[in-house]
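Here is the structure we will look at, set down as structure tokens.
Taken together, the values in this text are just the output of simple stated rules run on the coordinates, not laboratory data. Just so it is clear, the model here is predicted, and its values are computed rather than measured. Cβ: placed from backbone, ideal geometry, glycine included. Neighbour counts: every protein chain shown.
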Amino acid sequence: MKGFVKKIYKDVIAVIVMLVLTGVLMYVFMDMQNFDLQYPMSYDGGDGMSYLVNAVTLKEGMNTMETDRLGAPYGYYGYDFYASSLHNFDNMVLKIFVAFTDNPAIAVNLMFLSTFPMIALLAYFALRQMRIRPWISVAGALTFTFMPYIFMRGMNHYVLACYYFVPISILFCIWIYEDDNFFRLNRGFFKNWKNYFAIVLSACIANNGIAYYAFFTCFFLIITGLVKALKEKKFGYLGKALSLIVLVAGFMVGALMPNVLYIRANGANKDGFMRTLDGVETYSLKIAQLFIPLESHGSSSLENIINEYNDAMPLVNENYMAYLGIMGCIGFLALLVVLFLKRMGDDKPYKVQLELLSLLNIAAILLGTIGGFGSLFGLLVTDMIRCYNRISIFIAFISIAAVCILLNVLGTRILESGRIAKLGRYACGSVYGVFAAVCAVVTLWGIWFQYPGLRFDYDNFKNYYISDHEFVTRIEDSLPAGSMIYQLPYHEYPEGGAVNDMNDYDLWIGFIHSKTLRWSYGGVVGRDADNWLSTVNNDDVPKMLKTVREKGFAGIYIDRRAYEDDDVLNLENALRGLLSEEPIISNNGALSFFYIK
């Protein structure tokens, strides 16, 4: 027992310190003193609204892919979108929080906030498995946790912000490269804990990152297997990599089976989710953006550089989120240097790791950069993987890991230096302590510098959420359970785009704040619900009213933000005359509702 405690006590202390620092940094960066957990931290009608919808559907059942409360009267079936089935781990986390609260906002907030410590823990684990000292692993894990990527993706791209398994993907490559017993298919296979770990985590990787992170993981595995096989002239290493790839792909196929079965039964929906080949290059990686910060932090010179690049250069889009931070930039450049060094040899484990990381780093660039091998893959295989800039978060961990390895080596040399040792034990410890302190200060400064300087509009989201909740609750309290509500304007789902001041997914508001009402919005384009909605003539108000009344709708909900002032006035006046009643209007004036009698 004493031996076990002695073995793990440093890690326990390191993890506690890391989690405390994670909480402090979250509190500071996310302006948590002004945040109320009861209200969503993102509520702007963007993609992030989908997690509030998922929280509601998970509360009402186990499946986020279908509900009869959207797309009324036909219902919502999301099986056309394969990506929706490839982030099941996120939904599992959300389901856990949903089980403890009736408030979808609280569940979604906890899901997002839990991402930071989860990333930190898995990054720390991966770095420790690379035999890096605990305090250096903490520095690397914290830096990786607070990449600008997580803040810029935020709730609207949460499926990408939750990059917790990226360190594990790279760890698999490290294990293949340096551990001959890892995933060797022999009689001792199930005696190795790493193999159990790989099986479980392969399932997690397959169900995280809407196929992107699984795809990039498989890419790195095949590169690792090929390099190791050619280096050792033993193709069993390639077999290990292929075995893990088959495992990840198998879990992906399992996750996609409901989609496949639905499409086989109902036919393919070509209108449901369109992607074009040009997107493969439009959203690819730009090497320059790995080095361009998102925030100048008061430096006018740096701000000019950032603005000049973003204003003058073509194809600046979500790829601007790729900045690696100070530690990442140093590691990236160091790995480029390693590429040009003479064969590093196998005499030191850290040399083996740096050798592999340098190869993975350059492979990532060759795949992800504009006009790279990703473009060829899109042309020859599939353009469904199109945003190759998203490989930047893998490059970030690879680069941060390289810096941690170098710091680990430097620390070891300080401790083992004969000259310092001659000064005495305490002097040696003091020199090492100064080294550690400098690293800690530089790490914290680097984390601050890479923060993109976001401002969180919590109060505005809170006010809208309260107004919407009161409005929808008033409607629901006055109607029988299961009543259908017709929503205006007609808006395609998904990716219909903003209409005036109504954002893409603002029409989800009714569903999010109700428990029994059924809403017309949310029928997938190309399927029955949308096919019917798209034929209703909303310009002819009497005819529209007759159509929805005959279909059994009990009310008409209007998002006024989608209309010009004169248009919404004319629409509501027409309904006043036809229904002989005044509408219910939300406190913020954004929504109105008419009962159909």
Item to check | Cα-based reach from residue 59 at 13 Å (exclusive), listing aspartates and glutamates while leaving out same-chain residues under 8 positions away | outcome: 102
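Counting each DSSP H run of 4 or more residues in the chain as -39500 (n - 2.57), what helix-only mean residue ellipticity at 222 nm follows after dividing by all residues, to the nearest 500 deg cm²/dmol? Present the calculation step by step, with values, prior to reporting the outcome.
Details: 24 runs with 353 residues, N = 597.
Using -39500 (n - 2.57) per qualifying helix, the result is -19500 deg cm²/dmol.
Using a/c under 1.5 as the rounded threshold, could you call segment 458-595 rounded, prolate or oblate? The axes a ≥ b ≥ c are square roots of the C-alpha gyration tensor eigenvalues, and prolate needs a/b larger than b/c, oblate otherwise. Working shown, then result.
Numbers: a/c = 1.23, a/b = 1.14, b/c = 1.08.
In terms of gyration-tensor shape, rounded.
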Checklist outcome for this item: Excluding residues fewer than 8 positions from residue 191 in its own chain, the aspartates and glutamates with Cα under 15 Å of it are 179, 180
Checklist entry - By per-residue mean of other Cβ atoms within 10 Å, what is the highest-first order of 541-548, 312-319? => result 541-548, 312-319
Checklist entry - How about segment 320-394: which trypsin sites (Lys or Arg not before Pro) there are in a DSSP loop, with at most 16 other Cβ atoms within 10 Å of their Cβ? => result 342, 343
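How much length is gained on full extension from residue 550 to residue 597, taking 0.36 nm per residue of separation minus their Cα-Cα distance? Present the calculation step by step, with values, prior to reporting the outcome.
On the way: separation 47, 0.36 × 47 = 16.92 nm, distance 1.14 nm.
Extra length available between residue 550 and residue 597 comes to 15.8 nm.
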Checklist entry - ³J(HN,Hα) across segment 10-17 via Karplus (A = 6.51, B = -1.76, C = 1.60, θ = phi - 60°), whole Hz, x for Gly/Pro? => result 5, 5, 4, 5, 4, 5, 4, 4
Item to check | Size of charge dipole - segment 458-595 - debye, nearest 20, with Cβ of Lys, Arg +1 and Asp, Glu -1, no other charges | outcome: 580
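Full extension from residue 275 to residue 537: what is 0.36 nm times the residue separation minus their Cα-Cα distance, to one decimal in nm?
Additional length available on full extension: 91.4 nm.
Taking Cα pairs under 8 Å and at least six residues apart, what relative contact order does the chain come out at, in percent? Please list the in-between numbers first.
Working: 877 pairs, mean separation 112.1, N = 597.
It rounds to 19 percent for the chain.
Specify whether the C-alpha gyration tensor of segment 202-352 places it in the rounded, prolate or oblate class, a ≥ b ≥ c being the square roots of the eigenvalues: rounded for a/c under 1.5, otherwise prolate if a/b is larger than b/c and oblate if not. Don't skip to the end; give the middle numbers.
Working: a/c = 2.73, a/b = 1.12, b/c = 2.45.
Oblate is the answer for segment 202-352, as a/c is 1.5 or above yet b/c matches or exceeds a/b.
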Next on the checklist: Testing the spin-label approximation: label points 7 Å from Cα along Cα→Cβ at residue 315 and residue 19. State their distance in nm.
Outcome noted: 4.4
Checklist outcome for this item: So the FRET efficiency between residue 308 and residue 457, C-beta based with R0 = 25 Å and rounded to 0.05, is 0.35
Checklist entry - Modelled label-to-label distance, residue 348 and residue 301, 7 Å Cα→beta-carbon offset: nm? => result 3.4
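Could you size up the charge dipole of the chain around its Cα centre, putting +1 on the beta carbon of Lys and Arg and -1 on that of Asp and Glu, and report it in debye to the nearest 20? Please report the intermediate quantities before stating the final value.
On the way: 48 positive and 52 negative charges, 863 e Å.
Its charge dipole is roughly 4140 debye.
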Item to check | Residue pairs, from the table 194/286; 462/546; 194/351; 194/231; 95/543; 240/348, whose Cα atoms sit over 32 Å apart | outcome: 194/286; 462/546; 95/543
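Packing-wise, with mean Cβ within 10 Å as the measure, how do 204-210, 245-251 rank, highest first?
On the way: 204-210: 24.7, 245-251: 17.6.
In descending order of packing, they fall as 204-210, 245-251.
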Checklist entry - Measuring from label point to label point, each 7 Å out along Cα→Cβ, what is the residue 37 to residue 445 span in nm? => result 3.6
Checklist entry - How much length is gained on full extension from residue 199 to residue 528, taking 0.36 nm per residue of separation minus their Cα-Cα distance? => result 114.4 nm
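Listing 333, 113 from the residue with the fewest other Cβ atoms within 10 Å to the one with the most, what is the order?
Details: 333 14, 113 17.
Ascending number of Cβ neighbours within 10 Å: 333, 113.
Please label the shape of segment 360-499 as rounded, prolate or oblate, based on the square roots a ≥ b ≥ c of the eigenvalues of the alpha-carbon gyration tensor (a/c under 1.5 means rounded; beyond that, a/b larger than b/c means prolate, else oblate).
Values: a/c = 4.60, a/b = 1.86, b/c = 2.48.
Oblate is the answer for segment 360-499, as a/c is 1.5 or above yet b/c matches or exceeds a/b.
Restricting the count to DSSP beta bridges whose residues both fall in the chain, what percent are antiparallel, rounded to a multiple of 5? Before the final figure, lay out each step's value.
Numbers: 10 of 19 bridges.
Beta bridges within the chain, antiparallel portion: roughly 55 percent.
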Next on the checklist: Which order do the peptides 510-522, 28-40 come out in when sorted by mean C-beta neighbours inside 10 angstrom, highest first?
Outcome noted: 510-522, 28-40
Checklist entry - So in segment 458-595, what percent of DSSP beta bridges are antiparallel if you round to the nearest 5? => result 50
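Can you pull out the chymotrypsin sites (Phe, Trp or Tyr not before Pro) in segment 77-128 whose DSSP state is coil and whose Cβ has at most 14 other Cβ atoms within 10 Å? Could the numbers behind the result be given before it?
Values: sites: 77, 79, 81, 82, 89, 97, 100, 112, 124, 125; in loops: 79, 81, 100.
Filter output for segment 77-128: 100.
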Item to check | Karplus-derived 3J(HN,Hα), 6.51/-1.76/1.60, for each residue of segment 203-213, Hz, glycine and proline x | outcome: 5, 5, 4, 5, 10, 9, x, 6, 6, 4, 6
